[in-house]
Every structure is written in C-alpha cells, then in structure tokens.
Amino acid sequence: MAAAVIQTCHVACSANRTPHVVSWSRGGTIAFGTCNSVALYDPQERRVVCTLNGHTLRVNAVRWVHREDCAPESHLISGGSDCRLLVWAAQNGKFVQWMECKGHTGPVCAVDARYTHTDAHILVASAASDSTVRLWLCDAKQAECLHTLSFGSGFMMDVSLALLPGTKVPVLACGGDDSRVHLYVQSCEQKLQRVMTLQGHEDWVRGVAWASVGGDLLLASCSQDCLIRVWRLCAKSGKGARNAAEEDDDGVIKMKEDIFQVQEEERDVSSVFAVSLETILAGHENRVYGVHWQPPSYTGGQLQQPLRLLSASMDKTMILWAPEEGSGVWVEQVRVGEVGGNTLGFYGCQMSPDGAQILAHAFHGALHLWCKDQKEDGEWRPGVVISGHFNAVQDLSWDPEGEFILSVGSDQTTRLFTPWRRRDSKQATWHEISRPQIHGYDMQCLAMVGRFRFVSGADEKVLRVFQAPRNFVENFANISGRSKEELLASSDCVGLPEGASTPALGLSNKAVFQGDLSSGARGDQQQLNSVSEQYQESYFQPINMNEPPPEDHLLQNTLWPEVQKLYGHGFEMYCLASDSARTAVASACKASKAEHASVLLWSATTWRQLQALACHALTVTQMAFSPDSLLLLAVSRDRTWSLWRRRDLASGAHPHPHRRAHTHHLVM
C-alpha cells in the first residue's frame, strides 16, 4: 500500500504588527513575519510557498540580502522578540537556518544586510530594544559581532547599510527616537565610527533607506512628524564645506554641505565626503512609518536606479514620489490607500522589482497590494493578496458541502475562505472572500448550521446567529465556479437580504434589503452634513466580484446579517457544536461552579432553549455530535467526560424539552 502524501494546500496568515516585518526580493518572493514564523509568499501563484520556523517569539524584522547583480536572493535575515537574529540560506531549493547571531538582550526591531566580498560573507546590522545597534560578520563558520553601539536610554528604530561612493567602506544609517539620523562608517579596526548626525526631523525617525544614484548615495528618512527628508551623500574633491545655503561659481544656490573624512585601508588613502539635504517631502497627514526605493535593474547591460520613492503612513495612504523631468522638483506621482473604514493606517511598504506593484502592511496585519494596469491608462488598482487572522485562531468549521471554511479568532473577526477557480489557471487557490462578523469581543467558537448559516460565541454571554446575504451567495458562486441560480434556489437562500451593515457604536450586524439601498443613497448627503458624522454606520454597498475582494471591501461590504441572539449562559462563551441533521446546537460557557457548567441545547429552527444538560463541575471545553446526530459527547476541565443520547429522534421538533435527552455519563 502506497504511503499517503500530505501537502500544504493553503496558509491563511497576516503580517505582524511591526514596521519592518515585510521584504520583497528581487526574485519576486515576499517574506513577512507572521507570529513566530517567516512566511514566503509568491504573489504570482498567490500562495505561501513555505514557512520558516526558528524563532520562539514574535518575528519583528525581515530583510532579504540583495545581490549586486539583481539575481534572486539566496539569504534572508530575521529578528524577533526572542532576542535572536537568524540567517536563512537557500539549499536545494529550500531555505534552512544557516546562522544565528547571539548577543542582543532585548527584542530585535530592525535589520539590514549586504554582501561584503563574496556571497559567503554577509555584513549584518541590527537594532534592538536593549538600546544597542550591533554589526555582525557572518560566514560559513560563525557569526561574529564586530562592534556594538550603545545609545543609553535611547532607541534606534531602523538601520540601513550601503557602501560609500567609489569605495568598499560600509556606511550605516540609524534613525532614532532622538529625531536624528546618525551616520557611521566601518573603520580599519572593523568597528563603527560616527561621522555625522543629520538633524531636521521633529519627532522619532521611523525609517531610513539608502539608494545609489549616479555615483552618489541618496538617503530617505521618514518620521512621526509626517515628513520625509532625502539626503545626498557624495564624494568631494578639493572643495570645502558650505556653512550655509550660498551661491557657487556658476551663481546656482545650493544647500549647506557637511563634510567628513574616511581613511580607506585597502588603498591607504583618505577620502572626503559631503552630505546635504536634497528635498523635503510633505504630503502625509499622519506619522510616516516606512520608505522604500524602487529596486535597481539592469537596462542595456548597465545597472540603473530609478528615482522613485514609496512611503507609507498611518493616514492610510501610500505615496509614490519622483522628481519632475524638467525642474527636478520632487512631486507626488501616485497616492493609493483607504478612505474611511476602521483600520489604523500602514506600518510599512515595499515595491516589486519592476516597480509595477506596491505593497503595504497595515496596523491589523492585512497586506494591501496595488498593481499598475499596463494595458489601459496606467491606473493603479487593488490586487488579490493573501490575508488571515492577526491573532490566535480559536475555532473553525467546514461548510457541510466542504466548499469553504469559517474561522474565528482573538482578533475579533469571523472569516470565510474558499478556493478561487480562475479561468486562466487550472489550479485553484484559497482566499478570504468574506468577513461575516467584525465584533467588539474576542471570538472563541462557532458552529455551522446548514449551508449558509452559523452560530458564533465570543467573550460575552450571548450567542449570535448569522445568515448569509444574497450578495455573498452571488459572489461566492462567481468565485467558486458554482451555479448562481442553483445556490439561490436552495432552501437556505430564500428571502435573503442584500447585505448587512454595522450600526454606529453597535455590535449587531443589521440586515440591508433592496429597498434600503435606494433610501440609503438618498440619505447619504444628509448623513454627511450631520453633526454626528464621525459616528456613522459602516453602510453596505453591493459589489459584483469575480475575484477575491481587497481589504477595504472585506471590512465593509461582506458582513452577514445577524438573525438571532441566544441568551442563557452566565459567563463568556467557550465552545459550540451542531448536529448533522441541522436540528440542534449545543453550547457551553466558562464555569467555576456546577451551576454554570451546564450544556445548553438549542433548536436550530425556532432558536428556543430545549434543555440544560447538567453534569460537569467546571468548564466544558469541547463537544461533538455523532454523525447520526443521536449522541453528544462533552469533555470538561473537571477531568470527566459525558455521553448523552437523544431519546426520541423520530418525533421531530420535540415540543417538550424535558423529553429531549437523558444522560448516560461515564466518569474516568
């Protein structure tokens, strides 16, 4: 008998809530930290190809080690809250843990790396919450800490490595909570020496990034003061520093330059470099957390660095900046993002190797992808990207037909995943197509009751029943390749509302019918002019989807209406179970006494309580009905389990609860 082969079909995950946790490789693979792992995501295949497991706590920073020839990367660096810095290397088509850098005593928050002489020697810079920045040299044998910079009670929020123009001397930029950018060069003794401090920002510097342009270096720094500053570092020959903005010999006004000198060990010469402020980019309305230059590429056999800078802010937007062709003034070319919603902005951004796609990761872990339309007018449109819970998944349940999965998590959401069957691809990929419930409590359990109906429980005493709206059924048919007419004609889809919306400051999803849509449109202007504009409900707008929706649609237009609340438990909900006959639902809550540990049985048709099954003394942690719906098994924290048998299945609804079931409990 042949051995069974188990393969990963789908990984649903999101990025961790840290600014430097996403990195896009020249080969096209997106690496991001998710919980204690590093996920490698292929945006072309739209799936996670593998996860790298090595950290014992949350991954905070991820960075590819880019090659000078722009070839696909073979090394990846990750830093985590376990104070470890791991180097991953490609071996036989897979990434394995290659080296570990030990020394930090606090969570690592930022990393950067580059090759020195060969691909086997990697120079790594890391910043951690122990108020230090460390420089490492990794080779095939060991990871050596070359130097440690201590900042007392201060913190460096980001680091970036480059080589000084025309030399092999590494230069390190550090952005800190002192609102300054510190520049260090590696001296002859392999140690870091501070050569300059760049001032101008008025709040914490959150991100720094180098780019090599025309023999000079450009350094972009972003800050919580909502501004981005671009600095130019160039080699000097014979001229001194300008003490202020002044005219040169040609009568052109140039900015102030600061000079520093570096001794090169290999050539035994001294070189002079100057740093000046190139431009200040003002356009964001909130803290700017990330900047990223468009990656260089080979054009006509020469390496070209496009002058395009991407920035991400907590104002929920990304901006693509570039200088105008005629004047050279840096201007905003593209702005993408969200309007409204309940998200809290972007933590970081990345650009694809060809510059045709841009990616941001949000405060709630969601990845936001925009793609440039190459066929039409070059407009940027949202793209399909991976999604998942950003906190612990507590429970999940299959659709009775096995076509989709519902899951609930501590991120206070219920999510629905199903395969997307595209016409241009034979292989289906799984995606989140609906977020039926966005709650104010952490979700704990759920149970499917029929094809398009489920019951969920959270850290509250109430059970909530949800029914799929008509707009979801239509979109589910489009994405999954099922017949829309067949689904809408089923008994589960009779008299459905169009969608659902969440009332202002409420927890219950309200059904939206066809008549509500027209009246809602007429009342939009009145709502906008009302005093309580900030408390408006997230109103549903029907959408016709042939592909998985982006994050903003998931948040607003894929909710399911709540059709029933079930009261009866005295404490927070803990577990749920439903039978295959769609007639009963069993529920249990947290309990420290026998009076609260009863299992409650509910009718799945009338939603009335049928019976309270008293047996256990502590919380019932899990329950399951037998496939024939005749038996119910419950296990408890009191170290006992109980088995319950249904007395009279043939009588149907059982109008008398006390005749519904009796106990045959076995104690171990």
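Coordinate-derived values only; no laboratory data. This one's a predicted model, so the numbers in the text were calculated from it and none came from an experiment. Here Cβ is always computed from backbone atoms with ideal geometry, including for glycine, and neighbour counts include all displayed protein chains.
Here are the numbers for this structure:
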read-out	value
Reference-scaled alpha-carbon Rg (2.2 N^0.38 Å with N residues) for the range 76-214	1.03
Over the chain, relative contact order from alpha-carbon pairs under 8 Å, at least 6 apart, %	7 percent
D_trans [Stokes-Einstein, Kirkwood Rh over alpha-carbon pairs] for the range 285-386, 25 °C, 0.890 mPa s, µm² s⁻¹	171 µm²/s
For the range 182-222 and the range 551-596, distance of Cα centres in Å	54 Å
At 0.692 mPa s and 37 °C, Stokes diffusion of the chain via Kirkwood alpha-carbon radius, µm² per second	117 µm²/s
Between helix 470-480 and the chain: long-axis angle, C-alpha atoms, 0 to 90°, nearest 10	60 degrees
Label point at residue 168 placed 7 Å out along Cα→Cβ; residues across the range 38-71 whose backbone nitrogen lies under 16 Å	68
Extension gain, residue 513 back to residue 375 (0.36 nm per residue minus Cα-Cα distance, nm)	45.9 nm
Nearest-0.05 FRET efficiency for residue 425 and residue 626, computed from C-beta distance (R0 25 Å)	0.05
Vicinal HN-Hα couplings computed from phi for the range 133-142 (Karplus, 6.51 cos²θ - 1.76 cosθ + 1.60; Hz; Gly/Pro x)	10, 10, 10, 10, 10, 10, 10, 5, 9, 7
Amide proton proximity set for residue 223, modelled H, under 5 Å, gap of 5+	206, 288
Distance-filtered residues of the range 278-321 - backbone nitrogen under 16 Å, label point 7 angstrom along residue 356 Cα→Cβ	295, 297-298
Long-range HN-HN contacts of residue 180 with modeled amide H, under 5 Å	205
About the Cα centre, charge dipole magnitude for the range 285-386 (Lys/Arg +1, Asp/Glu -1 at Cβ), debye	300 debye
Karplus-derived 3J(HN,Hα), 6.51/-1.76/1.60, for each residue of the range 619-630, Hz, glycine and proline x	3, 7, 8, 7, 9, 7, 8, 6, x, 8, 6, 8
The range 357-410 - Rg over Rh from alpha carbon coordinates, Kirkwood radius	1.16
For the range 395-453: relative contact order, % (alpha-carbon pairs under 8 angstrom, 6 or more apart)	39 percent
Cross-link table 102/191; 461/593; 94/141; 426/484; 102/168; 565/590, entries beyond 24 Å C-alpha to C-alpha	102/168
Set of lysines with alpha-carbon distance to residue 372 below 20 Å, sequence-local pairs under 8 removed	316
Likely footprinting exposure, 441, 567, fewest C-beta neighbours within 10 Å first	567, 441
Relative contact order [Cα under 8 Å, 6+ residues apart], the range 285-386, whole percent	21 percent
Residue 461/residue 486 FRET efficiency (R0 30 Å; Cβ-Cβ; nearest 0.05)	0.15
Nearest-0.05 FRET efficiency for residue 303 and residue 91, computed from C-beta distance (R0 45 Å)	0.95
Spatial extent of the range 10-88: Rg and Dmax, with the Cα atoms as the point set, Å	11.9, 34
Hz values of 3J(HN,Hα) by residue in the range 63-69 - Karplus curve (6.51, -1.76, 1.60), Gly and Pro given as x	8, 6, 9, 6, 8, 5, 8
Packing-based exposure ordering (other Cβ within 10 Å, fewest first) of 30, 259	259, 30
Cα centroid of the range 350-403 to Cα centroid of the range 91-127, whole Å	28 Å
Amide H within-cut-off set for residue 158, under 5 Å, with H built and near neighbours excluded	175
